[in-house]
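S.K.: I have a structure I would like to understand better, so I am pasting it below and will then ask my questions one at a time.
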Amino acid sequence: MSYLELSGLQKRYGSAVAVDDVSLSVAKGEAVALLGPSGCGKTTTLRMLAGLIEPNQGMIRVDGSEITRLPAHKRNMGYVFQSYALFPHMSVARNVAFGLEERGRPKAEIARQVEEALAMVRLEGLAQRRPRELSGGQQQRVALARALVIHPSVLLLDESLSNLDAKLRDTMRHEIRSIQRSLGITTLFVTHDQVEALTMCDRIAVMHRGRIAQIGSPEDIYERPATRFVAEFVGRANALPAERGSDGRVTLWGAAQPVTAPVEQAFDIFVRPQRMRILPLSEPAGDATARVTGKVLRNVFVGDHVEVLVEGAGGQLTVEMASGSPVPPEGSEVAVVWRAQDSLPFAREAA
Ligand SMILES: Nc1ncnc2c1ncn2[C@@H]1O[C@H](COP(=O)(O)OP(=O)(O)OP(=O)(O)O)[C@@H](O)[C@H]1O
Ligand SMILES: [Mg+2]
């Protein structure tokens, strides 16, 4: 069923391993984000797919055919570089035509395809401009049109929105996603921005140190992070150090909890800030509810929500409340509660 298949891909530079044993199956028409911090191997993975660098090990297949050692120009992949990499001395139209000219297509066909591609990214009137006469967002669209015009079997996008301001990035996210969907084009989208990954893709592959730490739907990744790294990297989380008594009972911040964690070694309980609620100290918590107490240090208004910073016996945590709900006064003693199932246990990393 899978259209694009990477198996056991590895890339070494000397003794350093940039990409280590990456395997991934992408269905036809699916958009998958490679999400991870700087240096985790995202661009290296993409460049191996595009045929710009050769893997030391592993295999790449598209539509059943192996292309691992095929030269870049025979792969039919559309690549949008992080820097756009437009040719500065050529017009927009020539930039977009480049891949078709390289493939020796007839002039009339090229003109028609270029026109179509420019219409798709809504740049019809700007065909004769030079890249330097365009805004960042317009340049981004040219780069996208140039990748789409060859009707690629796979579209590869490398951090292509990171140079745009927040508003434009948001617009482009929706535009690229809707073009990707309407063309049904199989896409790998590299980003270190979790919002981008969560909003633009069907599935996310979280990368860490050259490997895929977890792959799943945006909801899987966010609600059921498989590793401590994923829980920390995607979304925000409070990490509460857990103590386990001789009877196996778990305490957080000195208070007994309804948590039965299957973790043997030292561990922390991760809880998303928006899964926590604040109650008056006098209000009892239910049986299946975790509860710690502390003092409100600060309330920070962040537009659509308020962040309440609470300090207790085991450190600090942040509770996210909807704006407009009554916030506890700074300095007051409160209880912080959450459903036991929202506690995610992860082994503590060796220092
Ligand atoms: N040509 C090279 N020679 C040696 N090391 C390299 C080379 N290219 C990349 N690396 C190393 O491989 C690792 C992965 O690099 P890569 O460019 O794939 O990271 P990335 O995930 O794209 O990061 P970023 O988010 O910063 O773009 C890094 O440690 C990098 O320093
Ligand atoms: Mg990169």
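Since every read-out is calculated from the coordinates, none of them should be taken as a lab result. Since the model is a prediction, treat every value here as computed from it, not as a measurement. Cβ coordinates were reconstructed from backbone atoms using ideal geometry, including for glycine residues, and neighbour counts include every protein chain displayed.
S.K.: For the Cα atoms of the chain, what angle does the longest principal axis make with the long axis of helix 136-148, in degrees from 0 to 90, nearest 10?
M.R.: Computed tilt is about 60 degrees.
S.K.: Classify the chain: rounded, prolate or oblate, from the alpha-carbon gyration tensor (a ≥ b ≥ c, eigenvalue square roots; a/c under 1.5 rounded; otherwise prolate if a/b is larger than b/c)?
M.R.: Prolate shape, in that a/c is at least 1.5 and a/b is the bigger ratio.
S.K.: When Lys and Arg each count +1 and Asp and Glu each count -1, what net charge do the other residues less than 15 Å away from F301, Cβ to Cβ, add up to?
M.R.: -3
S.K.: What is region 207-351 by shape, rounded, prolate or oblate, if you read a ≥ b ≥ c off the alpha carbon gyration tensor as root eigenvalues and call it rounded for a/c under 1.5, prolate for a/b larger than b/c, and oblate otherwise?
M.R.: oblate
S.K.: Note down the net charge around G137, summing +1 for each Lys or Arg and -1 for each Asp or Glu among other residues with Cβ under 13 Å from its Cβ.
M.R.: Taking every Cβ under 13 Å from that of G137, the sum is +2.
S.K.: Another question, if that's okay. Any idea how far apart R224 and Q82 come out in nm if each label point goes 7 Å out from Cα toward Cβ?
M.R.: With each label point 7 Å from Cα toward Cβ, the separation is 3.3 nm.
S.K.: Going down the table (K11/K74; K28/K74; K42/K74; K28/K167), which pairs top 26 Å between alpha carbons? Let's see the in-between values first.
M.R.: Details: K11/K74 21 Å; K28/K74 19 Å; K42/K74 22 Å; K28/K167 30 Å.
In this structure, K28/K167 lie more than 26 Å apart at Cα.
S.K.: Quick one: Karplus J couplings for region 308-324, per residue in order, coefficients 6.51, -1.76, 1.60, θ = phi - 60°, nearest Hz, x for Gly and Pro?
M.R.: Each residue's phi maps through the Karplus curve to give 9, 9, 10, 10, x, 4, x, x, 10, 9, 10, 10, 9, 10, 5, 4, x Hz.
S.K.: With a ≥ b ≥ c the root eigenvalues of the C-alpha gyration tensor of region 14-90, is it rounded (a/c under 1.5), prolate (a/b larger than b/c) or oblate?
M.R.: Verdict is rounded for region 14-90.
S.K.: What list of ³J(HN,Hα) couplings, whole Hz, do you get for region 120-130 from phi and the Karplus terms 6.51, -1.76, 1.60, once you set θ to phi - 60° and write x for glycine and proline?
M.R.: For region 120-130, the Karplus curve yields 4, 9, 6, 10, 3, x, 10, 4, 9, 6, 8 Hz.
S.K.: Still on this structure: Restricting attention to region 1-87, which trypsin sites (Lys or Arg not before Pro) occupy a DSSP loop and are surrounded by at most 16 other Cβ atoms within 10 Å?
M.R.: Passing sites in region 1-87 are K28, R69.
S.K.: Once you have the Cα-Cα distance between H151 and A266, take 0.36 nm times their residue separation minus that, and quote the gain in nm to one decimal.
M.R.: Here the answer is 36.2 nm.
S.K.: Right, next: Using 0.36 nm times the number of residues separating R348 and A119, minus their current alpha carbon distance, what extension gain do you get?
M.R.: 77.2 nm
S.K.: Which is farthest toward the positive dipole end of the chain among G303, G235, S182, measuring Cα position about the Cα centre, with Cβ charges +1 (Lys, Arg) and -1 (Asp, Glu)?
M.R.: So the residue furthest toward the plus end is S182.
S.K.: Further, regarding this structure: If you count the DSSP beta bridges with both ends in the chain, what percent of them are antiparallel, to the nearest 5?
M.R.: On the way: 60 of 78 bridges.
DSSP beta bridges in the chain are roughly 75 percent antiparallel.
S.K.: Please give me the summed charge of the neighbours of E116: other residues whose Cβ is under 11 Å from its Cβ, Lys and Arg +1, Asp and Glu -1.
M.R.: Within the 11 Å Cβ shell, the charges total -2.
S.K.: Quick check: pseudo-label points 7 Å beyond the Cα along Cα→Cβ at S246 and E66, how many nm apart are they?
M.R.: Going by the 7 Å Cα→Cβ label model, 6.1 nm.
S.K.: Tell me the label-point distance for the pair N299, Y13, using the 7 Å Cα-to-Cβ offset, in nm and rounded to one decimal.
M.R.: 5.0
S.K.: Using helices alone, what [θ] at 222 nm do you get for the chain, with -39,500 (n - 2.57) per DSSP H run of 4 or more residues, divided over all residues and rounded to the nearest 500?
M.R.: Working: 8 runs with 84 residues, N = 351.
When only DSSP H runs of four or more count, the value is -7000 deg cm²/dmol.
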